[in-house]
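The values are calculated or read from the model by the stated rules, or taken from the named source; none is laboratory data. Predicted model, so just to flag it, every value in this text is computed and none were measured. Heads up, the Cβs are rebuilt from the backbone with ideal geometry, glycines too, and the neighbour counts pull from every protein chain shown.
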2 protein chains.
Amino acid sequence: MSNQFYEHKINIIKDGTIASPNGFYSSAVACGIKKNDSLDLGLLYSDSPCSISALFTQNKLNGESLKWTRDILQKNNNFKAIIVNSGNANTAVGNIGLEHARIIADSVSKKLTINPSEVCIASTGIIGIELPIEKIKNGIKKLQLQKNNGSDFSNAILTTDTRNKEIAVEIQINDEVFIIGGAAKGAGMIHPNLATMLAFITTDLNIEKKWADKILSEITNDTFNMIDIDMDTSPCDMVMLISQSSANKNIINEGHYASSAFKEGLYIICEFLAKEIARDGEGATKLIEAKIESASDINIAKNSARSVISSILIKTMVKGKDPNCGRIITALGNTLPQLNEQKISIKIGEIIVYEKGIPITNNSELAISAMNEDTVTITISLHEGNASAIAWGCDLTEEYVKINSEMTT
Amino acid sequence: MSNQFYEHKINIIKDGTIASPNGFYSSAVACGIKKNDSLDLGLLYSDSPCSISALFTQNKLNGESLKWTRDILQKNNNFKAIIVNSGNANTAVGNIGLEHARIIADSVSKKLTINPSEVCIASTGIIGIELPIEKIKNGIKKLQLQKNNGSDFSNAILTTDTRNKEIAVEIQINDEVFIIGGAAKGAGMIHPNLATMLAFITTDLNIEKKWADKILSEITNDTFNMIDIDMDTSPCDMVMLISQSSANKNIINEGHYASSAFKEGLYIICEFLAKEIARDGEGATKLIEAKIESASDINIAKNSARSVISSILIKTMVKGKDPNCGRIITALGNTLPQLNEQKISIKIGEIIVYEKGIPITNNSELAISAMNEDTVTITISLHEGNASAIAWGCDLTEEYVKINSEMTT
């Protein structure tokens, strides 16, 4: 089989959602955790059992809902439901937090007539306040699964995000069609460290667990782990790849003829969601894309790209449309093992602002124009080797400070 | 001698400055680098040769003035003048930068009839723009050394700082009196990494170079290296201890009867200047003091303290007077090798907000009151061992963003 030639086509589905893959259903309600009657409780359901690959936050503080999910993922790999609340992280609240997770899983299992161990839970929002568990229990009763309201689920998982982050792609291989869908939330406490936000990815394919683990980790390292909003890693972050593992489906593994098509589709989903998270950072007005070219190795390329998008001084300079190459080279100086100014060139958009150790101040007006775009691309060529990397961030604005100094008061 | 008992008293000198120690003179002018006729060129002069211990930035990008100074410090240890310009960092400008440093040293040496290699240079301000060297040469001509205007020197080295940072102490041991003075600047690009700002410390004592190097490094690690404003390390930062090494003075070394008094005085100066830098961070309204108690070792204590004051979410919560223990424990979770929530307690001011894994929400109103103070102290007890550490930072405000997005435009 694997020697045969398989052509594939990938299309982005118009209005595609997490529930676009066959067999997935969703629901969302406003159960009262958030103010203003906003959706704050979302349920994702699969009509056949799913295998889940997941990556969790590297913060040593872990949310209690996350602990529940990590624990049951270790014990079995047979899931039918994922319930997510926003507005409260169920974190740093003492032992009551895990008890609340248990109550949520029980309520969902009764509602859907499944086992509590088939229910994954995620919580995101304020840390250090107990969940309003009665509101959540009542909310669960009101959830009504549907095929066509995946966007409500995407909406219910948001916190300070300003918009949904969702996408689905359709992959055709000869006569077969399969779908991958994704939904994510970001906005604050976003820093590059394994699994830095909530991201759920669904597929109606049956992906071999071992291979799914491998490619999810690889692709996360190049996408979700390459974004930064505010250098803080949340205790609740997770990325999940949810694939239907029912017995009547063929298992897709690394050697399968559909594997490269699936991996390509998964990359599109993850890159799209990662960039959407960065672009919608709290208070952000622009996406910053930092490209490192011709680095001596991949780690240097990645660290340098992340250093650029993490620098507060670069974030504020993008906000102010100030093409200040000094701040960029300072960020590199804080990261590179060695800095050879004479070899470095820097572009903002397509405009050269620094070349071979010398700022090109004559280009300032053109560079300011390039910073008017919604996406500001900073390209740095180190001229040391062949490695390259891209990271994504956002500008830092007065609005970010406003949001985060008024979060609970 | 060293077995004898020597009592000492340390007094802070009213209106003391960098030029308070005997034999030091200073001058400052507005040479036109900064707008609005602000002082931007300062000269410090000693009437007898000085030995200098210095610590330089760890950023791999180094300012050209800093390179000049580091270079001559390696070649000799016999200095009479330090010239500092603010408004322009003389950094990332290509080879012209070192040429400009040479011209500055030459101009100062001619003015004072000393050797260029007896002139240290520091520059701070915008990166990536050539120094207006003619303005500086004209400014040097106008400098008039005086005994009593050390505050003008302190003022001339400032960038976005809102006030002078200066202090002098008088140390009495039996019938002897000696003086240590200090001046520093901070405000932006301040992050804990060896030598993260400009700080000059003078004394009329003759301190043995080897011992001066040792204690300056030790004390810097506990003071200047424990502050953070915006997680960015500037390419021009330096800390200098300048002591008069003329042949007619006794050398103070570790075994000298005045050594502990001198070390105590130096600590007072460095701690004061470090806290002043943190308190006057760009846009800041408050000093944040993070105390870690009962950590298992000193590195864990220091890293945890720095993690707390570096967290943007803690900076914004202090700005908003929001006693959010969740953000504090999240910052710890990003730093501690292991997090044992059940053992941790957290106080804001004297108010307990988190104890043994549980937020004390009943104390919120009291904690909000504690956050009204000019200095907000966050004390974290890990209950793991005997190590402790303190770090200092400031809140993050809309004003910080405003300052840094309008820096050059």
Report summary line: Restricting attention to the stretch A:277-295, the residues that are farther than 27 Å from A:GLU384 by Cα and either more than 19 Å from the chain's Cα centre (by Cα) or modelled with pLDDT under 90 (or both) number exactly 8
Query raised in the report: Cβ-Cβ below 9 Å, separation at least six or inter-chain, first residue in the stretch B:43-67 and closer than 28 Å to A:ILE358 by Cα, second among the polar types (S, T, N, Q) and assigned to a strand (DSSP E or B): which pairs?
Result: B:GLY63/B:SER123; B:GLY63/B:THR124; B:GLU64/B:SER123; B:SER65/B:ASN85; B:SER65/B:SER123; B:SER65/B:THR124; B:LEU66/B:SER123
Query raised in the report: Could you count how many residues in the stretch B:290-310 are of a type in the set (Gly, Ala, Ser) and in a helix (DSSP H, G or I)?
Result: 5
Report summary line: The one condition B:GLY16 fails out of (1) touching a residue at least 24 places away in the same chain (Cβ under 8 Å); (2) within 14 Å of chain A (Cβ to nearest Cβ) is (2)
**Report entry** Condition check for A:VAL308: under 30 Å from A:THR361 (Cβ atoms), surrounded by 24 or more Cβ atoms within 10 Å (Cβ to Cβ), facing chain B (nearest Cβ under 10 Å) and in contact with a strand residue (DSSP E or B) (Cβ under 7 Å, 6 or more places away or on another chain)
**Finding:** no
Report task. Return only the number of the condition from (1) of a type in the set (A, V, I, L, M, F, W, C); (2) crowded, with 24+ Cβ neighbours inside 10 Å; (3) at pLDDT 90 or above; (4) more than 12 Å from the chain's Cα centre (by Cα) that A:ILE298 does not satisfy. Result -> (2)
Requested in this report: Considering only residues that are assigned to a loop (DSSP other than H, G, I, E, B) and touching a helix residue (DSSP H, G or I) at 6+ places or on another chain (Cβ under 7 Å), look in the stretch A:144-174 and name the one that is modelled with the highest pLDDT.
Outcome: A:ASN164
Requested in this report: From B:LYS75, B:LYS9, B:LYS60, B:LYS110, grab the single residue that is of a type in the set (D, E, K, R) and modelled with pLDDT of 95 or more.
Outcome: B:LYS110
Report summary line: Condition set closer than 9 Å to B:ILE242 by Cα and in contact with a Phe, Trp or Tyr (Cβ under 7 Å, 6 or more places away or on another chain), scope the stretch B:45-61, selection farthest from the other protein chains (Cβ to nearest Cβ): answer is B:CYS50
Requested in this report: Might you let me know whether the stretch A:321-332 holds any residue that is touching a residue at least 40 places away in the same chain (Cβ under 8 Å) and under 15 Å from A:GLU293 (Cα atoms)?
Outcome: yes
Report summary line: Subset of the stretch A:62-92, residues surrounded by fewer than 24 Cβ atoms within 10 Å (Cβ to Cβ), in a loop (DSSP other than H, G, I, E, B) and within 14 Å of another protein chain (Cβ to nearest Cβ), comes to A:ASN62
Query raised in the report: Residues in the stretch A:264-289 that are crowded, with 17+ Cβ neighbours inside 10 Å and either charged (D, E, K, R) or in a loop (DSSP other than H, G, I, E, B) (or both): how many?
Result: 11
Query raised in the report: If you scan the stretch B:106-127, which residues turn out to be without any contact (Cβ under 8 Å) to a residue 60 or more places away in the chain and either among the hydroxyl-bearing types (Ser, Thr, Tyr) or buried (at least 24 other Cβ atoms within 10 Å of the Cβ) (or both)?
Result: B:SER107, B:SER109, B:THR113, B:SER117, B:VAL119, B:ILE121
